[in-house]
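Written below as structure tokens is the structure these notes are about.
Values in this text are rule-based calculations from the coordinates and carry no lab data. Keep in mind that what you see is a predicted model, and the values were worked out from it rather than measured. Virtual Cβ from ideal backbone geometry, glycine too; neighbours counted across all protein chains shown.
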Amino acid sequence: MDIYLTNLKTNDRLQFPMLPTEISVKKGNQFASYTILQKGEVKIPSGTQLDSFSWSGILPGKKRRNDPYIRAWQSPKAIYNWITNLKAKGGKPVKARLLITETPINCDVYLSVFQATPTGGYG
């Protein structure tokens, strides 16, 4: 399995260097809720919610770039800069394509939340 994120504006492609232990996929439906006297609450389907994909991962440092589990190493700083370029430019976020091989996930997405936490000092 590999995870790719492609900036659809520039066609630049990022392959994540390490796979996460799990990827969360959230799909849901929307309902309109009404209260009918003497009947109670009634819910009527009214569409679908946006799909959401999330995971936590590690961006390995230079000392780990040749480890056998590293897919395509890039410096954490370069990956951080690449991902932050997907943030809204002039109020409009940049569309990207998320592809996770060996899964049915291949869809256009917008970056909602990206949180980086530098930790350790082990490369």
> Where nothing but the Cβ of Lys and Arg (+1) and of Asp and Glu (-1) is charged, how large is the charge dipole of segment 25-123 around its Cα centre, in debye to the nearest 20?
Replying inline: 400 debye
> Of Thr84, Cys107, Leu5, whose Cα points farthest to the positive end of the dipole of the chain (charges on the beta-carbon: +1 Lys, Arg; -1 Asp, Glu; origin at the Cα centre)?
Replying inline: Thr84
> Tally Lys/Arg at +1 and Asp/Glu at -1 over every other residue whose Cβ is under 12 Å from the Cβ of Cys107; what's the total?
Replying inline: +1
> Roughly speaking, what is the centre-to-centre gap between segment 1-67 and segment 73-102 when only Cα atoms are used, to the nearest Å?
Replying inline: 14 Å
> If all Cα-Cα distances of segment 63-123 are sorted into 5 Å bins from 0 onward, what percent lands in each bin, rounded to whole numbers?
Replying inline: 4, 13, 17, 21, 20, 14, 8, 2, 0
> Given 37 °C and 0.692 mPa s, how large is the Stokes-Einstein diffusion coefficient of segment 1-120 in µm²/s, with Rh as the Kirkwood radius over Cα pairs?
Replying inline: 194 µm²/s
